[in-house]
Structure formats: structure tokens, C-alpha cells
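Student: Here it is, the structure, as C-alpha cells.
The values are calculated or read from the model by the stated rules, or taken from the named source; none is laboratory data. Everything quoted here is computed from the prediction, not taken from an experiment. No Cβ is skipped: glycine too gets one built from the backbone with ideal geometry, and neighbour counts run over all protein chains shown. Side chains included, ligands, DNA and RNA excluded: accessible areas come from the protein's heavy atoms. Shrake-Rupley method; radii C 1.70, N 1.55, O 1.52, S 1.80 Å.
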Amino acid sequence: MAPASRRRILSPQSLSSFGAIPLYPSSAPQSSSPPPASTSKTATTTSPPEAPVRPTEPQPNSTHFPVSPHPPVSSSGRGNLIWQGNHDAEPNGIRVGKWKIITQNSSIGDEKGMENLTLLLEEIAASDADGAVLNLSTETEIKGKRRLCVPEITFLDAFLSLQFDGRDREKNAELKFAARDALVEWAEAHRYLERSHRDQNRSNPLSPPYRSFRGVSILRTIDAAAWSNRAARGKERDANSANSQPNSEGYGNDSVYSGACTEFFYDWTFASPYAGTIDCPSNENGNNSAINNHRRVWKSLPHSHIPFHLLRDTSQPILLYDDIMLYEDDLHDNGEVSLNVKIRVMPTCWYILQRLFLRVDYVCIKCREVRICCPLGDVPIESGVDERLKSKPQSTQPTLGNVAKANTIYRDVTWREASWEELGDLGLPKDPKAWRDENGSNGVSSPIPLAALLMKLPLVSLPEDLPAFSYVELM
């Protein structure tokens, strides 16, 4: 089913008062007269009032997005909100300043679309380091081709697009988030991973660092040893008899399983290092930009330049809010993975939070967050160097002072993770149920919201081409 409704937008009348224009006015419920101005702390909506937000949950004016099923209702001064619960599959968007912002939720991809995406990903995984696809015409090469699968629930048509109108057409740019791009970057990393179980260190459920590329690795569940032993038994029977009888596990010739075990050897957790796709003139000279999502265009910074005080300013209305699920999977009942992106647009800035959450029961927990903000005017920021970067040379990193510039995109990336054994040492729950319910009302020993638990996970190193703090300046 499609993601639950989590979008909202100000009425066209309220948007115009802040210099914004709705791009799809037909997607919003229409009324014969504009809604009256809100005089209470509850905004005018087209759906029944929702339950009050838990005090422990982040509020809409904080640096985190709300985690309730719907965004919290606005306070007075936030404008007349229109819920669009029945229009999730329709595009939604506004134009504010030089930006055209479009969001699109969708239903799960159909069989044909998922098959085409799978073929594309396998082709990318089979290409060389320069992006050139290898010739797989011979039987030997086809046998060695890595087979991939896509997440069971992939929203192929869901996306977030932010288009910038530059001084002229050559200066235009676009920042986009989509499941296809995220999975392309995931498939690209498979070029550097081991291709069979024989290549993997089986003593550690987490692949060692040299078995990982850009955070993509092939994990093993706690039951993996049993499956590997079964495959070995199948190979032994194949050597003794070409026509073995059905065994006690209900299988005959286990060579079918043995071949599939190697053929489908990939990162089944879909832990993509994706941090958005940007297309702008400054990266036209780069090679393979379509494959690597233009990662070279981001310039490293010594510390965050996101003006978080703008996000805490409750005097500014939220012009548009949306929560777009890109993909999710239950990992064959071994846990869960989800990738979603949320956006908040205000008169002073727009702000994005992308989160990849991965739970492999009794193996590991991972959380990869990308925060992106673009002020619509020059604003001051707080200065300081992040602890993670103090050991790195700062001479090659630009200094932008203590001002976040208008129409400059600032990005912060944080990766957190821990193995299941480390959770106890960190004072975190080891019961998988504690890491399932996002609202924390799961009835386990300490009902802590998942967002709070994730913040307690230790930070881990980022890929070399993914700086913790970076920016792209547009003109």
C-alpha cells in the first residue's frame, strides 16, 4: 500500500501572502470561500483532529521532524493548513523565491517496473570502475554476473525535486531524491564487493572493513552458518551422486540452492550510501556524473553551516511539509530497512531530512541521516569545528565565515551504527522490539522513542567522497 498521508500545505491565499505560489492548486481541496483565520492553537484542516503530540516527541520547530503519524498541528500564526490525505499519489509543490519544490508519493512499483529496475541495477553492478558495462555475452561471463534484487516495497514514482532558476538557463540546478537513484548508488558499490561466500570472513557477522565499499557490505544473519552448512552438504552429495534422493530437509539435489547462494550474493539490507542527487553546471566536466550522483560537486566544510535557529523560529509558518517513503523491506523477517525523506519549506529557508534506518535482528543497527538546508537570504550561523574533523587537516577546506549565504545548499551527513553485542555496552536495549515502534510505545522495559535511541548510537566514519559537512553554491 502507499505511504500514509503525511503531507500538508498552506492554502493558496496564505501562500500568496508569503510570496509563494502553489504549483498544483487542483491537488488541494477547494472551497467556495477562503477558510477563516485561525484564532486558536489548532489549524483549520480537512481531516478530523489528531491526537496530541507526545511531549517527548520533537516539535515542528525543532531541528528534527515530527515522528507522529501526521505532522503536529500548527500553532497560531502558522497559517491555515490544508491536509491532503486523499491526494498522496498526486504531485504537490510550491514556488518560493528562485525555487520550484515538487513532492510526489506513489504506490508500490508494478512487476514490470521492478523488473526493469532490477536489470538496470545488475548492469551497473557488472560494470567496471569507470562505469563501462562489461560484455556479458559469453556463458562464462553470464555465470559470473552478480544477481541483485530490489526492496520488496519500492515506490518507483515517489520523489522530491527542488529546482533552482539561475541567472540564465545554464545556471539552473536541481536537487532530487528518488528510490531509483538511491539503489543505483547501492548497486554501484557492488563492483568492489566479494562475489561469493568463499570470499567472506565467516568469523564476524559484520563484514570487515576491507569487505565493504562506501558503507555497502554483505552481512550474515545469526542463521547464516546453518544455511552455509546446508549448501556444503548439497555440494558433497552432488559429488557422490548426480541424482540424489530427497533429503530430510525436503530438498533433493541441493546444487540448485548452492548455485543460487553464490548467484544472489549481494547486500540484501539495501544500505545505500545515497545522500541525494544534484545536477548543476559546475559538475559538467566530471566523469560518470550520471552514475555517481554528482558527488564531486559538494565542497567540504570544517563545520556545519545549517542555520538551525531558522528551523526553531515559531513565528515563521510552514508553507509545505511532506514525508516521502522511497523504499522499505522486512529483510525476509530478519529485521527491517527503510529509506524516507522529509521536507519542510518556510519563508526563510527549506530543510530536508533523509534517513536510512536498518535493523538486522541480533546483528546490527544502522542509521544514516542527511540534513540539507538552503536559506533564502543571508543569515548568521554559530561557528565551531566538529569533533569528528579535528584530526583532519583543515587547510584544504574553504572558510565561509559565520554566514549562511542565500541560495547556497548546506549538507550535514551523519552515520551511526552498532553491532548487537555493542548495544549492551552502550546501555541500549538488545530486545529487537525496542527498535521497531517509532513512537516508543512498545511495552518493553524502557519505552524510549526510536529517534532518541538512534541518537545514542556511536558515530562511524563516512566514505572519503562523502564529507560530514559540505555545500554547493548556486548563482
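Student: Sort VAL460, VAL337 by heavy-atom solvent-accessible area, probe 1.4 angstrom, most to least.
Tutor: The ranking, largest first, comes out as VAL460, VAL337.
Student: With a sphere of radius 9 Å drawn around the Cβ of ASP323, what net charge do the other residues whose Cβ falls strictly inside it have (Lys, Arg +1; Asp, Glu -1)?
Tutor: Cβ neighbours under 9 Å give a net charge of +2.
Student: Set the bar at 28 Å for Cα to Cα. Now go through LYS100/LYS405; LYS112/LYS366; LYS176/LYS405; LYS100/LYS299; LYS100/LYS342; LYS98/LYS299 and name every pair that lies beyond it.
Tutor: LYS112/LYS366
Student: Taking one equal scatterer on every alpha-carbon of region 301-349, how large is log10 of I(q)/I(0) by Debye at q = 0.23, 0.27 1/Å?
Tutor: For region 301-349, the Cα-only Debye profile gives -0.87, -0.99.
Student: Just the accessible area for LEU426, please: 1.4 Å probe, Å², rounded to the nearest 10?
Tutor: For LEU426, the solvent-accessible surface is approximately 80 Å².
Student: Keeping every protein chain in place, order GLU122, GLU90 by accessible area at 1.4 Å, biggest value first, i.e. largest first.
Tutor: GLU90, GLU122
Student: Still on this structure, please answer the following. Given a 1.4 Å probe and the protein chains all in place, what does the accessible area of LYS176 round to, in Å² to the nearest 10?
Tutor: Surface open to solvent at LYS176 totals about 70 Å².
Student: Let me spell out the model: positive unit charges on the Cβ of Lys and Arg, negative unit charges on the Cβ of Asp and Glu, origin at the Cα centre of region 294-341. What dipole size does that give, in debye rounded to 20?
Tutor: Charge dipole, region 294-341, about its Cα centre: 680 debye, nearest 20.
Student: Under a 1.4 angstrom probe, counting protein chains only, how are HIS294, HIS190, HIS332 ranked by accessible area, largest first?
Tutor: Greatest to least solvent exposure: HIS332, HIS294, HIS190.
Student: Give me the net charge for the shell around TRP298: Cβ to Cβ below 9 angstrom, other residues only, Lys and Arg +1, Asp and Glu -1.
Tutor: +3
Student: Could you state how much accessible area PHE159 has, in square angstrom rounded to the nearest 10, with a 1.4 Å probe and all protein chains kept in place?
Tutor: 50 Å²
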